[in-house]
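Here the structure is laid out as structure tokens; the discussion comes afterwards.
The values are calculated or read from the model by the stated rules, or taken from the named source; none is laboratory data. Predicted model only: the values in this text are computed from it and were never measured. Cβ coordinates were reconstructed from backbone atoms using ideal geometry, including for glycine residues, and neighbour counts include every protein chain displayed.
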């Protein structure tokens with residue numbers, strides 16, 4: 001319990017140091033663009049590939065498991081859309097990104113810590129947390145919604161592709177009808193809002209574990225693992241809280 | 001001038017620095033020597049503010065580093081340059097970008113001027129050709145030189161070097177030593193070097209303090225270090241075969257006279 005409180009305190013202090021006005025805006029924007037490209041745009045292909053396949057599999061599974069004549073076939077499209085919009089493209093995709101981006105951030109900052117690069121910044125009078133972490137947090141918060149929109153789009157495309165396979169009587173027209181049936185545009189906003197919160201969780205927690213590494217290469221590896229585990233847990237917890245607050 | 005007064009630093013109740021007081025003079029290469037684990041790195045880190053002393057004062061030309069406010073501290077930090085043991089160059093930046101980093105952060109000069117200044121610093125350390133290479137593409141000696149160029153980019157008043165020769169061959173070590181010494185003289189800086197390399201001690205040591213188990217055991221100059229009667233210092237200095245032989249030859253010559 002003491003350790004948890006200590007970590008919470010350290011995290012809060014680090015965020016206070018991080019979320020301050022940058023010393024030089026031009027350097028901050030340069031870093032921000034770099035981070036958007038490195039953490040966000042670099043993840044685009046993995047998001048597209050995973051979303052297409054998962055969208056396809058969701059449609060196939062629903063089609064295979066709904067065989068009752070009492071349930072209309074457009075339910076497959078409807079359910080696929082709801083799963084993708086409400087949970088897959090935001091929560092599950094961010095859990096995947098927590099692994100990819102979170103470990104990248106923790107190992108990068110952790111390596112900088114053990115090789116004294118962070119100390120070098122501090123000696124120069126640079127707020128290292130602000131310079132290194134703030135652009136990562138903001139960059140991810142800006143770009144993750146873009147990834148989520150791509151994921152929604154490609155996930156649904158995957159579902160449409162599956163509908164052409166004629167599994168258990170599923171047809172493209174019934175699937176497309178289901179996609180449009182009782183559509184609530186608020187779900188897109190809800191999903192994007194969740195992803196912004198997840199982006200903050202991923203970047204800040206991974207940065208915290210990286211920034212506080214003590215030791216050598218082995219400890220950087222441990223910090224990277226801890227960052228992924230902790231940010232995944234926090235994403236799931238945030239999902240429950242936000243779903244309760246926004247949908248019930 | 002940097003002056004430390006009665007510095008005490010402990011970790012988990014274990015005293016690492018015990019009442020250390022010393023003066024590091026301007027325009028000279030001041031050396032902190034001692035065996036591994038003697039507390040010299042802790043002393044250097046305390047002087048530069050990476051560690052906070054339990055008690056004592058660190059005076060930078062009269063300004064007490066320990067009691068400074070954040071804004072004053074940041075101003076003072078810009079007057080410092082540091083050469084880390086592992087160079088601590090930023091991996092994601094080229095050598096030129098590394099040298100430009102402190103200028104980009106704190107100088108209001110236009111980009112061309114900052115680039116010119118960075119190139120001047122690289123030329124000063126004989127490294128202009130490596131400007132567009134990444135740290136992973138250059139040798140250990142070149143990394144040290146690039147780190148020195150970065151350290152002097154803002155024209156610091158104080159230069160700190162932590163084991164500047166570690167991992168380098170004797171010839172490159174000599175080059176780095178000479179470079180640090182020349183820069184100290186050129187810019188009239190207060191340079192503090194933390195080392196256990198006796199070649200550096202003899203080559204560039206102007207004022208020297210010897211630390212043993214967290215206590216300041218001896219202070220003097222490079223001329224006095226060989227002839228000192230301090231047993232702990234002699235054990236440290238003459239652990240090297242080369243210096244032991246030099247001492248023996250000197251003894252024999254004195255006997256002949």
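For this structure, a couple of remarks:
- The range B:81-106, residues that are touching a helix residue (DSSP H, G or I) at 6+ places or on another chain (Cβ under 6 Å), within 10 Å of chain A (Cβ to nearest Cβ) and more than 19 Å from residue A:112 (Cα to Cα): B:104
- Of all residues in the range A:1-25, those that are assigned to a helix (DSSP H, G or I) and more than 16 Å from residue A:133 (Cα to Cα) total 8.
- Wholly enclosed helices (runs of 4 or more DSSP H) of the range A:86-196 bearing at least 1 residues within 14 Å of chain B (Cβ to nearest Cβ): A:103-114, A:117-124, A:128-163
- All conditions in (1) modelled with pLDDT of 90 or more; (2) surrounded by fewer than 14 Cβ atoms within 10 Å (Cβ to Cβ); (3) away from every other protein chain (no Cβ under 12 Å) hold for residue B:110, with the sole exception of (3).
- Boolean, residue B:71 is touching a residue at least 12 places away in the same chain (Cβ under 8 Å) and either assigned to a helix (DSSP H, G or I) or within 14 Å of chain A (Cβ to nearest Cβ) (or both): no
- So residue B:63, is it away from every other protein chain (no Cβ under 14 Å) and within 21 Å of the chain's Cα centre (by Cα): yes
- Subset of the range B:35-48 [surrounded by fewer than 20 Cβ atoms within 10 Å (Cβ to Cβ) and either outside the structural domain of residue B:18 (by TED's automatic domain parsing) or in contact with a helix residue (DSSP H, G or I) (Cβ under 7 Å, 6 or more places away or on another chain) (or both)]: B:35
- Matching residues, the range B:1-41, being over 21 Å from residue B:187 (Cα atoms) and assigned to a loop (DSSP other than H, G, I, E, B): B:12, B:13, B:34, B:35, B:36, B:37, B:38, B:39
- Residue satisfying condition, being touching a strand residue (DSSP E or B) at 6+ places or on another chain (Cβ under 9 Å) and either in the same structural domain as residue B:60 (by TED's automatic domain parsing) or at pLDDT below 90 (or both), within set B:169, B:182, B:162, B:178: B:162
- Restricting B:127, B:50 to residues that are within 19 Å of the chain's Cα centre (by Cα) and without any contact (Cβ under 8 Å) to a residue 40 or more places away in the chain narrows the list to B:50.
- Residue in the range A:36-45 that is buried (at least 18 other Cβ atoms within 10 Å of the Cβ) and under 30 Å from residue A:168 (Cβ atoms) present: no
- Condition check for residue A:49: at pLDDT 95 or above, surrounded by 15 or more Cβ atoms within 10 Å (Cβ to Cβ) and not in a loop (DSSP other than H, G, I, E, B): no
- Only one entry of B:67, B:140, B:86 meets the criterion of being modelled with pLDDT under 90 and over 20 Å from residue A:123 (Cβ atoms), and that entry is B:140.
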